[in-house]
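Below you'll find the structure, written out as structure tokens, and then a few comments.
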Amino acid sequence: SAVISQKPSRDICQRGTSLTIQCQVDSQVTMMFWYRQQPGQSLTLIATANQGSEATYESGFVIDKFPISRPNLTFSTLTVSNMSPEDSSIYLCSARDTNSPLHFGNGTRLTVT
Amino acid sequence: DAKTTQPTSMDCAEGRAANLPCNHSTISGNEYVYWYRQIHSQGPQYIIHGLKNNETNEMASLIITEDRKSSTLILPHATLRDTAVYYCIVRGYKLSFGAGTTVTVRA
């Protein structure tokens, strides 16, 4: 199964700044996704990271706030832009290959002050 | 994706089997049932999945009813390390997580 590494594992940021989270998979995968988990809540899908094209965002999430890149089949980044305290969450990268289960990284715990 | 219904919480005794139910009455014919768990401060961990046959792996067994409207995840010998939130998900193109079942294994 794919091993997914995220960096940073946690960060404390000031409001108004941006943070870019990196996700590295140890093998080529067809699909990568980004999720958000707010305190005490379940996971919410932010977007599908598409290799070589713009990400596909879920309702309530927009590219200006959460720009995503996926330059190849093993790497993706999520940027949380112009942060506010409401963006304090765990951000999780996930990936799967065709006909295989979805696997997750351990997440990036973001605190915005 | 079809919606799932799970109990909010369950207590289990260490060493006993834990049976976690899930209802997915609107599942369609080509949708798989997936189970994940999330231990505190970690990302979700894949457990098992199935389409219509019962499945077993080193972690758990999955029993799917004949009409596919419900399923049960069985942890054969629960340990304290199995304490987690367990998510039952019916998957189409992508995974949508519900609230899950908080399982507490007690000594």
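With the requirement that a residue be in a loop (DSSP other than H, G, I, E, B) and within 7 Å of chain B (Cβ to nearest Cβ), what does region A:91-113 give you? Break it down into steps so the answer makes sense when it comes.
First, pick out the residues of region A:91-113 that are in a loop (DSSP other than H, G, I, E, B): A:97-102, A:105-107, A:113.
The answer is A:101, A:102, A:105, A:106, A:107.
Counting residues that are within 12 Å of chain A (Cβ to nearest Cβ) and open to solvent by less than 30 Å² (accessible area, probe 1.4 Å), which strands (runs of 3 or more DSSP E) fully inside region B:1-78 reach at least 2?
Where strands (runs of 3 or more DSSP E) fall fully within region B:1-78 and carry at least 2 residues being within 12 Å of chain A (Cβ to nearest Cβ) and open to solvent by less than 30 Å² (accessible area, probe 1.4 Å), they are B:32-38, B:45-50.
What are the residue pairs meeting all of these: first residue in region B:83-102, first residue in contact (Cβ under 8 Å) with a residue 40 or more places away in the chain and more than 12 Å from chain A (Cβ to nearest Cβ), second residue of a type in the set (D, E, K, R) and surrounded by fewer than 21 Cβ atoms within 10 Å (Cβ to Cβ), Cβ atoms under 6 Å, and 6 or more apart or on different chains?
If the second residue must be of a type in the set (D, E, K, R) and surrounded by fewer than 21 Cβ atoms within 10 Å (Cβ to Cβ), the pairs left are B:90/B:1; B:90/B:31; B:92/B:1; B:92/B:31.
Which members of region B:22-44 meet the condition of being farther than 28 Å from residue A:107 by Cβ and under 11 Å from the mean Cα position of the chain (by Cα)?
Keep residues of region B:22-44 that are farther than 28 Å from residue A:107 by Cβ, which gives B:23, B:25-30.
Across region B:22-44, the qualifying residue is only B:23.
In region A:78-95, which residue that is surrounded by 18 or more Cβ atoms within 10 Å (Cβ to Cβ) and of a type in the set (S, T, N, Q) is nearest to residue A:41 (Cα to Cα)?
Let us first name the residues in region A:78-95 that are surrounded by 18 or more Cβ atoms within 10 Å (Cβ to Cβ), namely A:78, A:80, A:83, A:87, A:89-95.
Among the residues that remain, those that are also of a type in the set (S, T, N, Q) are: A:89, A:94.
Values: A:89: 10, A:94: 18 Å.
Restricting to residues being surrounded by 18 or more Cβ atoms within 10 Å (Cβ to Cβ) and of a type in the set (S, T, N, Q), the top hit is A:89.
The values are calculated or read from the model by the stated rules, or taken from the named source; none is laboratory data. None of these values were measured; they are calculated from a predicted model. Backbone-built Cβ (ideal geometry, glycine too); neighbour counts: all protein chains shown. Note: areas computed on protein heavy atoms with side chains; ligands, DNA, RNA excluded. Shrake-Rupley method; radii C 1.70, N 1.55, O 1.52, S 1.80 Å.
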